[in-house]
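The structure under discussion appears below in the form of structure tokens.
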Amino acid sequence: MTSTETVWRDRVLGYLDEHHSEIVADLVDLVRIPSISGTDEENEIQHQLAGRLSELGLEVDSWEIPLAETLAAEDFPGVEVERTEGWGTVGRLPGDGDGRGRSLMLNAHVDVVPPGDLGTWGEAGPFGAAIRGGDVHGRGTCDMKAGLVASLWVVKACADLGVPLAGDLLLGTVIGEEDGGLGTYALLQRGWRADACVIPEPTSLDLAPGTSGALTFRLTVTGLAAHASRRLSGVSAIEKFVPVFAALRRLEATRNEVKHPLLRGWELPLPIELGIIRAGEWASSVPDVLTADGRLGVAIGEDPADARRALTAAVAEACEDDPWLSSHPVTVEWWGGQFAPGLTDPDADILDVVRRAQGAVSDRPQATWGTPYGSDLRLMTNLGGIPTVHYGPGDASLAHGPYESVPVDELLTATRALALVAVEHCGLRG
Ligand SMILES: [Zn+2]
């Protein structure tokens, strides 16, 4: 490390230490914007962030995503909520432009999933951002407004201090990650690229260079309606669903027998789960239709088409064994988010840069693994060809649940580490 680099690293870390309380306050403010996927607030937060990045003196690309043509593209990864409007935001802190430095993109999604049962959130509510026991609580805290705030402050530190980065430092904030990846897809379609990318999804400060895939599907089971008092003359779609559900559980067990090395730490890295089941419309009628919406986990390195075939075959097989279902087979549709798996070469330099940065600001041992969930990483690696890793504050097991929170100390550690990643990866002029 050159002495110039040491000086700038110390300055950046000093700056972040001085602004601890503002960093936490920023997280509280952003959590209070209920930017649930598909709501107006999802765009509102994008406009606010574009404004913040402009104020910092960054070059800001804030654009309305052409939804109709984007959604119609052949490789579009899918959506699960309706949008009439969607915005992309990229802030660029330019390097020296002579091509010597490497560009880095920090990519963070602004959308959050709905809060679920409001009763579980306590008095502050899901978007109250209450601070208790060193944690900020609320929907979107770890997934992933803490990572967003960390990224924002890395850019702010570099801009405010005038760090002479040789390569461009980019912050891309995106909508629609939770329902398929609209925002990152649109950002790549817009032409934004970088030499490496960090997505500060919650990894508890571990390093995750790979992501499993997740494919959303719908099963439709057909029965025969009848008055419940004469149920034997009808066919219950719920009853016919039971063997199909059992077949999915067996398929899940088979698919998890052999685990990718990055996914060995997970008891069940490739879950098949049904999140929504709907059947019937009247208490004393035999239900004649059942729909079940679920997600199929895809292994790192697996072709999503093969995963789809495996599920379709398991459902078809279950139908063949049942006299009613063999003549009224369950249909399988693939809709909504279609997350392919993604993987960054374990030898890619960005992995070592993040490891060194984390090691410089924390004694905590850092593990390397792949995520069991799908994320925008695969769009960056597969479509963008950009070596990308997840590294960020918070425990992903709390994401989407009723007690989502993020430790303040992890937020601050991640912010410090990501600042060092920017300085080392982008390099310094002169
Ligand atoms: Zn996330």
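The values are calculated or read from the model by the stated rules, or taken from the named source; none is laboratory data. Since the structure is predicted, the reported quantities are computational estimates derived from the model, not experimental observations. Note that we place each Cβ from the backbone using ideal geometry, even for glycine, and neighbour counts take in every protein chain shown. Each accessible area value is taken on the protein alone, full model and side chains, heavy atoms only, with ligands, DNA and RNA left out. Shrake-Rupley method; radii C 1.70, N 1.55, O 1.52, S 1.80 Å.
Worth a mention:
- Boolean, ALA214 is of a type in the set (Gly, Ala, Ser) and closer than 22 Å to GLY337 by Cβ: yes
- Number of positions in the range 383-399 that are in contact with a helix residue (DSSP H, G or I) (Cβ under 6 Å, 6 or more places away or on another chain) and open to solvent by 10 Å² or more (accessible area, probe 1.4 Å): 5
- Some residue of the range 62-77 being assigned to a helix (DSSP H, G or I), touching an Asp or Glu at 6+ places or on another chain (Cβ under 9 Å) and among the β-branched types (Val, Ile, Thr): no
- Scanning the range 116-131 for residues that are touching a residue at least 24 places away in the same chain (Cβ under 8 Å) and either farther than 30 Å from GLY180 by Cα or open to solvent by 20 Å² or more (accessible area, probe 1.4 Å) (or both) yields GLY116, ASP117, THR120, TRP121, PHE127, ILE131.
- Within the range 1-31, the set of residues being aliphatic (A, V, I, L, M) and surrounded by fewer than 16 Cβ atoms within 10 Å (Cβ to Cβ) comprises MET1, VAL7, ALA25.
Yes or no, residue by residue, for (1) charged (D, E, K, R); (2) more than 16 Å from the ligand (Cβ to nearest atom); (3) closer than 30 Å to ALA247 by Cα:
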residue	(1), (2), (3)
GLN338	no, yes, yes
GLY342	no, no, yes
ASP349	yes, yes, no
PRO372	no, no, yes
ASP395	yes, no, no
GLU404	yes, no, no
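- Residues in the range 290-324 that are within 13 Å of GLY223 (Cα to Cα) and either in contact with a strand residue (DSSP E or B) (Cβ under 6 Å, 6 or more places away or on another chain) or among the acidic types (Asp, Glu) (or both): LEU290, THR291, ASP322, TRP324.
- Taking the listed residues ALA208, ALA246, the one that is surrounded by 15 or more Cβ atoms within 10 Å (Cβ to Cβ) and not in a loop (DSSP other than H, G, I, E, B) is ALA208, with no other qualifying.
- Counting only helices (runs of 4 or more DSSP H) that sit wholly inside the range 300-394, those with at least 2 residues that are in contact with a Pro (Cβ under 7 Å, 6 or more places away or on another chain) are 304-320, 349-361.
Per-residue answers, yes or no, for (1) free of Cβ contacts under 8 Å to residues at least 40 places away in the same chain; (2) buried (at least 21 other Cβ atoms within 10 Å of the Cβ); (3) of a type in the set (Phe, Trp, Tyr):
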residue: SER37; (1), (2), (3): no, yes, no
residue: LEU53; (1), (2), (3): no, yes, no
residue: GLY57; (1), (2), (3): no, no, no
residue: ALA72; (1), (2), (3): yes, no, no
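- Within the range 136-155, residues that are farther than 20 Å from LEU104 by Cβ and open to solvent by 10 Å² or more (accessible area, probe 1.4 Å) have Cβ atoms under 9 Å from residues that are among the hydroxyl-bearing types (Ser, Thr, Tyr) and part of a loop (DSSP other than H, G, I, E, B) in these pairs: HIS137/TYR403, counting only partners at least 6 apart in sequence or on another chain.
- Every pair of residues 6+ apart whose Cβ atoms lie under 7 Å, when the first sits in the range 266-291 and is farther than 30 Å from TYR373 by Cβ and free of Cβ contacts under 8 Å to residues at least 60 places away in the same chain while the second is in a strand (DSSP E or B) and open to solvent by 30 Å² or more (accessible area, probe 1.4 Å): SER284/HIS227
- So ARG378, is it of a type in the set (D, E, K, R) and open to solvent by less than 10 Å² (accessible area, probe 1.4 Å): yes
- Within the range 172-200, the residues that satisfy the criterion of being over 18 Å from GLN358 (Cα atoms) and away from the ligand (no atom under 16 Å from the Cβ) are ALA186, LEU188, GLN189, ARG190, GLY191, TRP192, ARG193, ALA194, ASP195.
- In the range 230-242, the residues that are in a helix (DSSP H, G or I) reach residues that are open to solvent by less than 70 Å² (accessible area, probe 1.4 Å) and hydroxyl-bearing (Ser, Thr, Tyr) with C-beta atoms within less than 7 angstrom, at least six apart or across chains, in these pairs: ALA237/THR222.
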